[in-house]
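The values are calculated or read from the model by the stated rules, or taken from the named source; none is laboratory data. Please read all numbers here as calculations on a predicted model, not as lab measurements. Counting neighbours? That spans all protein chains shown, and the Cβs are built from the backbone with ideal geometry, glycine included.
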């Protein structure tokens with residue numbers, strides 16, 4: 001299993017580092033904690049067994065694919081289903097999670113969306129695909145929410161009224177990389193991206209935040225790599241020539257191919273990456289190459305107290321050996337937690353229509369520190385106005401040391417300003 005008893009004990013000891021994150025997020029929102037996800041009050045068996053018709057949701061991700069796979073998304077959802085049903089369910093009813101492998105293919109994604117409609121799900125929660133352009137129209141027609149995505153990559157996810165983005169991948173996490181590189185003194189950085197449109201979309205935010213951090217935005221250059229992992233020797237040569245830092249907006253499987261090529265080239269640039277991609281398993285596999293690497297994330301480190309239930313559930317339900325300290329794992333758990341909070345505030349029937357109405361009326365979504373306290377009634381108007389459904393721009397930083405990722409500090413950094421070249425909040 002991925003989180004052994006020894007590992008869980010180590011994470012709990014380290015969790016004191018992140019205790020202040022909850023207080024920071026709550027204070028920043030000017031509110032009180034409405035609902036939390038800590039483990040103290042939700043021990044298994046402490047609530048009445050759920051009853052009645054199940055509340056159905058779908059969780060979709062690429063698993064059987066030539067592109068980078070994310071089995072930890074359905075994996076986290078299946079663990080959550082067991083955990084929540086052992087703790088009273090959702091609004092007193094059992095939660096039924098339907099998983100669908102979209103294979104990273106737009107057509108397969110549309111098939112998953114059609115299945116969600118046929119199954120009359122309340123929402124598609126905590127899901128990811130590389131191209132949701134054919135998923136969103138199917139869900140729009142049925143008025144089913146695409147709720148809690150960690151990592152939107154296409155325009156429909158950023159703008160559709162049925163999309164509720166809770167992660168800060170674009171443009172927040174990219175801005176976090178730019179700002180932190182400047183703060184750390186990187187003078188000739190490279191932004192390494194997968195050759196998909198989202199890489200170009202995020203680059204202006206990286207440049208703007210780098211400038212806010214004290215760097216020259218013209219000093220950053222972009223290097224693109226193919227999405228399917230392969231021999232990256234040529235791209236390594238391009239990226240390492242004259243650079244001192246490399247910020248990778250690439251997946252873990254890309255890193256696994258990239259780092260040996262860096263080692264073969266004798267390169268030693270300081271590395272920066274995105275949560276879930278430059279992840280715990282990559283850091284463990286390449287401890288020397290990743291020493292001192294910095295990770296920009298939507299969610300605090302798994303060691304934090306907001307993840308007590310998550311860690312305990314991974315152990316209790318024998319989770320497979322996957323990366324759980326990731327955008328995929330943490331993001332899915334956070335999205336499901338947010339879904340539960342909103343559903344339990346619905347007075348009356350619980351279905352896809354009432355859920356969207358309730359989500360659109362939520363002014364203070366508080367997951368107990370998994371993300372910032374969010375107002376889902378206010379569209380995001382920054383970054384040229386192209387991302388109205390991205391409600392979260394907060395990032396957290398981890399650092400690699402001795403083959404492990406630990407929280408850099410206990411702070412949540414709001415990138416709303418740096419995304420547009422303004423000071424950090």
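Pick out, from segment 281-383, the helices (runs of 4 or more DSSP H) lying fully within it that include 2 or more residues that are buried (at least 22 other Cβ atoms within 10 Å of the Cβ), in the same structural domain as residue 92 (by TED's automatic domain parsing) and touching a strand residue (DSSP E or B) at 6+ places or on another chain (Cβ under 9 Å). I'd like the intermediate steps shown before the answer.
Values: elements: 287-290, 308-316, 327-343, 352-360.
So the answer is 327-343, 352-360.
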(message) Looking at 185, 176, 148 in this structure, which one is assigned by TED's automatic domain parsing to the domain that holds residue 277, at pLDDT 95 or above and within 23 Å of residue 366 (Cα to Cα)?
(response) 176
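Run down 264, 227, 209 and say which single residue is in contact with a helix residue (DSSP H, G or I) (Cβ under 8 Å, 6 or more places away or on another chain), at pLDDT below 95 and over 15 Å from residue 403 (Cβ atoms). Talk me through it step by step, then tell me what you get.
Details: 264 fails: at pLDDT below 95; 209 fails: at pLDDT below 95.
The match here is 227.
If I ask for residues that are in a strand (DSSP E or B) and within 22 Å of the chain's Cα centre (by Cα), which ones from segment 96-135 would you list? Spell out the reasoning first.
Of segment 96-135, the ones in a strand (DSSP E or B) are 96-101, 123-125.
97, 98, 99, 100, 101, 123, 124, 125, listed by residue number.
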(request) Out of the residues in segment 253-271 that are under 12 Å from residue 193 (Cα atoms) and under 21 Å from the mean Cα position of the chain (by Cα), state the one that is surrounded by the fewest Cβ atoms within 10 Å (Cβ to Cβ). (result) 254
(request) Determine whether residue 125 is within 30 Å of residue 349 (Cβ to Cβ), assigned by TED's automatic domain parsing to the domain that holds residue 377 and surrounded by 20 or more Cβ atoms within 10 Å (Cβ to Cβ). (result) yes
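Here is a list: 91, 116, 61. Which entry is within 22 Å of residue 142 (Cβ to Cβ) and surrounded by fewer than 20 Cβ atoms within 10 Å (Cβ to Cβ)? Walk me through how you get there before you give the answer.
Values: 116 fails: surrounded by fewer than 20 Cβ atoms within 10 Å (Cβ to Cβ); 61 fails: surrounded by fewer than 20 Cβ atoms within 10 Å (Cβ to Cβ).
Step by step, each of 91, 116, 61 is checked, and only 91 is within 22 Å of residue 142 (Cβ to Cβ) and surrounded by fewer than 20 Cβ atoms within 10 Å (Cβ to Cβ).
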(message) Let me spell it out: the conditions are (1) surrounded by 21 or more Cβ atoms within 10 Å (Cβ to Cβ); (2) within 18 Å of residue 180 (Cβ to Cβ), and residue 204 meets all of them except one. Which number is the exception?
(response) (1)
